[in-house]
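To keep things clear, I will list the structure first and then write my remarks on it.
Taken together, the values in this text are just the output of simple stated rules run on the coordinates, not laboratory data. Worth saying up front: this structure is predicted, and the values here are computed from it rather than measured. As a convention, Cβ positions derive from the backbone with ideal geometry for all residues, glycine included, and neighbour counts pool all protein chains shown.
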Amino acid sequence: MSIRPDVLAAIGATPLIRLHRASEETGCTILGKAEFLNPGLSVKDRAALSIVRDAEARGLIRPGGTIVEGTAGNTGIGLALVASVRGYRTVIVIPETQSAEKKETLRLAGARLVEVPAVPFANPDNYVHVARRLAERLAATESAGALFANQFDNLANRQAHVETTGPEIFSQTQGAVDGFVCAAGTGGTLAGTAEALRARKAGLRIALSDPEGSALHAYYTTGTLKAEGSSITEGIGQGRVTANLDGFRPDHSYRIPDAEALDIVFRLMREEGLSLGGSSGINVAGAMRLARELGPGHTIVTILCDGAARYASKLFNPDFLRGRGLPVPAWLEAAPGDLP
Ligand code: PMP
């Protein structure tokens, strides 16, 4: 398939990449699914495409209609590119505190931004509630209608991974996959991929890799949603059981500190040529913990969600890291003037 009919046909079917150091250190085969190679540069293109296709199939959106979502990140970028191809407009409601880089990336993907003050979810002016109301208003007033994408509770998100990510991993490993690990934001990737893999292989182990500040690790280990600490990672961690996580249970759960995840992000960059965002570090850390728990000889797959460029001013900024008490690798400190 050398010519794709459109950019949507370039979503998914991403390579699985062997992570050499993680594999050598654990005696397992640790593989990363290269989701940063999707056209919108993240795993969320899959959910965005599935949400739009599902809405089309149900007659919830018509040509010229508007897709509305409250999001600061990758889902908005995915929705914007899918919308452009399918003939819709995209409005992203975003808290004004989000970085200029992110706002610019969304605009370059074709989204219109509505900036709102950053207030908690309990406040009716929270960006998610504003997005929902805006979608309802546009649906009632615009002739072509509007769709609230609602990624957290829209099961078309999880279904994308049931139908694509999970089956791809199974066939790419020729069924040899023994474990799958990833973090959860909406939970679509974790629950959907787990569903597809469990249906194909009894006894396969599924693990949650949770950042600090998320309530899910406590929920799956003690039964109570309880969040402690905080994380500089973005797009992952969750304070509730979303509809996409409903009915799902991992076999293992790990809480990964930022220092452990960042060390892995930096090593993947320096040792494997993989420039990745923070959630990929949380995921590979979880894959290494599962590998150690299962013992040598197993094949563990995780998700490389997006790339480093989206986090240049944070994860790769020594002042930002120091301000949060995180270790700064020597090479990141080195100025160009230090060259011999
Ligand atoms: N990593 C990044 C960078 C993300 O943007 C997201 C999506 N919020 C995730 C991981 C988690 O994916 P999911 O929503 O499928 O749980």
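Helix 127-141 sits at what angle to the longest principal axis of the chain, using alpha carbons and giving 0 to 90 degrees rounded to 10?
Its long axis makes an angle of about 30 degrees.
If amide H atoms are built 1.01 Å from N in the plane of the peptide, which residues on other chains or at least 5 residues away come under 5 Å of the amide H of LEU147?
THR66, ILE67, VAL68
Using +1 at the Cβ of each Lys and Arg and -1 at the Cβ of each Asp and Glu in the chain, identify which of THR66, ALA109, SER171 lies farthest towards the dipole's positive end.
Result: THR66.
Calculate the length of the line joining the C-alpha centroid of region 143-221 to that of region 70-114, in whole Å.
23 Å
Classify region 83-180: rounded, prolate or oblate, from the alpha-carbon gyration tensor (a ≥ b ≥ c, eigenvalue square roots; a/c under 1.5 rounded; otherwise prolate if a/b is larger than b/c)?
Verdict is prolate for region 83-180.
Can you list the HN-Hα couplings for region 168-183, worked out from phi with the Karplus curve (6.51, -1.76, 1.60; θ = phi - 60°), rounded to whole Hz and with x for Gly and Pro?
Per-residue couplings from phi come out as 4, 4, 5, 6, 5, 8, 6, x, 7, 4, 9, x, 10, 9, 6, 7 Hz.
Along the charge dipole of the chain, which of ILE11, VAL130, LEU147 sits closest to the positive end, that is, farthest toward it, with unit charges on the beta carbon of Lys, Arg, Asp and Glu (+1, +1, -1, -1)?
It is LEU147.
So which GluC sites (Glu not before Pro) in region 149-235 pass both tests, a DSSP loop state and at most 14 other Cβ atoms within 10 Å of the Cβ?
GLU228
Loop only per DSSP, at most 13 neighbouring Cβ atoms within 10 Å: give me the trypsin sites (Lys or Arg not before Pro) in region 265-313, ordered by residue number.
Listed in order of number, the matching sites amount to none.
Efficiency by 1/(1 + (r/R0)^6): what FRET value for ALA100 and ARG200, r their Cβ-Cβ distance, R0 = 45 Å, to the nearest 0.05?
Efficiency for this residue pair is about 0.55.
Which residues' amide hydrogens lie under 5 Å from the amide hydrogen of THR29, considering only partners 5 or more residues apart or on another chain, with H built in the peptide plane?
Close amide H contacts, sequence-distant or interchain: GLY297, HIS298, THR299, ILE300.
What do you get for the angle between helix 278-294 and the principal long axis of the chain? Use alpha-carbon atoms, 0 to 90 degrees, nearest ten.
It is inclined by approximately 50 degrees.
Taking only the alpha-carbon positions of region 164-263 and ignoring solvent, what does the Debye formula give for the base-10 log of I(q)/I(0) at q = 0.18, 0.25 Å⁻¹?
Values, matching the q order: -0.82, -1.29.
Please give the contour-minus-distance gain from LEU225 to GLU293: 0.36 nm per residue of separation, less the Cα-Cα distance, rounded to one decimal in nm.
Length gained, LEU225 through GLU293: 22.0 nm.
How much length is gained on full extension from ARG270 to ALA144, taking 0.36 nm per residue of separation minus their Cα-Cα distance?
This chain segment gains 40.4 nm when fully extended.
I'd like the FRET efficiency for ASP319 and GLU25, computed as 1/(1 + (r/R0)^6) with the beta carbon distance as r and R0 of 22 Å, rounded to 0.05.
E(calc), rounded to 0.05, equals 0.10.
With charges set only on the Cβ (+1 for Lys and Arg, -1 for Asp and Glu), what does the dipole of region 167-251 come to about its Cα centre, in debye to the nearest 20?
280 debye
By its C-alpha gyration tensor, with a ≥ b ≥ c as the square roots of the eigenvalues, how is region 1-133 shaped: rounded for a/c under 1.5, else prolate for a/b larger than b/c, else oblate?
Oblate, because a/c is 1.5 or more while a/b does not exceed b/c.
Taking Rh as the Kirkwood radius computed over C-alpha pairs, what is the Stokes-Einstein D of the chain at 20 °C in a medium of viscosity 1.002 mPa s, expressed in µm² per second?
105 µm²/s
What would the Debye equation give as log₁₀ I(q)/I(0) for region 252-340 at q = 0.13, 0.16, 0.19 Å⁻¹, counting only Cα atoms as equal point scatterers?
Here log10 of I(q) over I(0) equals -0.47, -0.68, -0.90.
Report for the chain the percent antiparallel among DSSP-assigned beta bridges with both residues inside it, nearest 5.
Of all bridge pairs located within the chain, approximately 15 percent are antiparallel.
Taking the Cα centre of region 23-125 as origin, work out the dipole magnitude from +1 charges on Lys and Arg Cβ and -1 charges on Asp and Glu Cβ, in debye rounded to 20.
It comes to approximately 560 debye.
Tell me, what does the Kirkwood hydrodynamic radius of region 190-317 come to in angstroms if you use every pair of distinct C-alpha atoms?
15.3 Å
Quick one: putting +1 on the C-beta of Lys and Arg, -1 on the C-beta of Asp and Glu, what dipole do you get for the chain around its Cα centre, in Debye to the nearest 20?
Using Cβ point charges on Lys, Arg, Asp and Glu, the chain gives about 680 debye.
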